[in-house]
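Please treat every number below as a calculation from the coordinates, not as lab data. Note that this is a predicted model, so its numbers are computed, not measured. We place every Cβ from the backbone using ideal geometry, glycine too, and count neighbours over all the protein chains shown.
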Amino acid sequence: MDTVQSTGNTWTHEIGGDGAFERKQTSFRDAVSTDPASRHAAEPGRYHLYVSLACPWAHRTLIVRALKGLQDAISVDIVHPYLTDKGWSFDTDFTGASGDTVGGKTHLQQVYLEAAPAYSGLITVPVLWDKQLHTIVNNESAEIIRMLNSAFQTCSSRPELDLYPAALRSEIDGVNAWIYPSINNGVYRSGFAQSQRAHEQAVDELFNALDRAERLLLTQDYLCGAALTEADVRLFTTLIRFDAVYHTHFKCNRRLIAQYPALHRFMARIYRLPDVADTVCMEQIRFHYYHSHRHINPTGIVPKGPDVIGQLNAVNL
């Protein structure tokens, strides 16, 4: 959920009195249903994702869409990686940026205002759009990936894959409960902190959680055992950005993920799953963070490395 507010950047609107970054909740929380009589019934071709290839929250939805084989059932548009004070744009002068092929709009904010003309909150990705009703179904990535996992089975080319199986739900929820605040959001809490105390607290929690994940993955392939689940997808999208962005740009420089043998192997295993590599664009990831966050990187200079993908391809599984 990389965001801007309609009147300015989120990193100035989501800072608490102690200098800590406090992520706000998303606003659209409807659901796609398998019930054909529901408002948002699951149908092939009806729904559209607006995403950023740079954003880890949006990346979750792209990975689940790919793993479930929903590319033909759910269309996608990709915003420009430069996040300005006007929000995500549909400019197409960066490789991979698609423009708005559904509504022909220039900014994602206009999509929000079509859904809710009085909307004045955060403009976030991902967005799940209902092309039939011309409205936003949901903009909470954690909920969208569960819809993609279960609501579109008749459209899926891999319906046998269940990323949130009933037998593991308690364990998955438990893993998500510490990975989200300490790792997924922890890197942002470190990078956007505006006090030394808030930064150090976030970094300590982050690396304690990475150490915990490393211990888990030393003895099993995935976070909840032998089966791939949504918890793995949620962790992967942070890990793939870590060495190229969060380590330096967000001051999470105690260690690289490449220095964690089990985490690095886990990241390579996820990357090599069917169609996942196609969802990863390191060029957009680096450009977005280093060029957009001028309060952290005033020059906007984008580093060329490290070669995260080359390192993953060299891992022996």
Problem set entry | Residue pairs meeting the criteria (Cβ under 7 Å; at least 6 apart or on separate chains; first on the phi < 0 side of the Ramachandran plot and aliphatic (A, V, I, L, M), in the range 92-121; second surrounded by fewer than 17 Cβ atoms within 10 Å (Cβ to Cβ) and not in a loop (DSSP other than H, G, I, E, B)) | 115/135
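Sort out which residues of the range 199-242 are among the hydroxyl-bearing types (Ser, Thr, Tyr) and surrounded by 18 or more Cβ atoms within 10 Å (Cβ to Cβ), and write them in order of number. Working first, answer last.
Of all residues in the range 199-242, those among the hydroxyl-bearing types (Ser, Thr, Tyr) come to 219, 222, 229, 237-238.
Within the range 199-242, 222, 229, 237, 238 qualify.
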For this session: Quick one: count up the residues across the range 146-163 that are farther than 16 Å from residue 33 by Cβ and touching a residue at least 60 places away in the same chain (Cβ under 8 Å).
Result: 5
Seminar exercise, completed: Within the range 186-236, the residues that are within 22 Å of residue 268 (Cα to Cα) and β-branched (Val, Ile, Thr) are 187, 219, 229, 233
Exercise. Could we say that residue 268 is among the small types (Gly, Ala, Ser), over 24 Å from residue 301 (Cβ atoms) and assigned to a loop (DSSP other than H, G, I, E, B) here?
Worked result: no
Problem set entry | Among the residues listed as 175, 187, the single one being under 16 Å from residue 228 (Cα atoms) and either touching a Gly at 6+ places or on another chain (Cβ under 8 Å) or in a helix (DSSP H, G or I) (or both) | 175
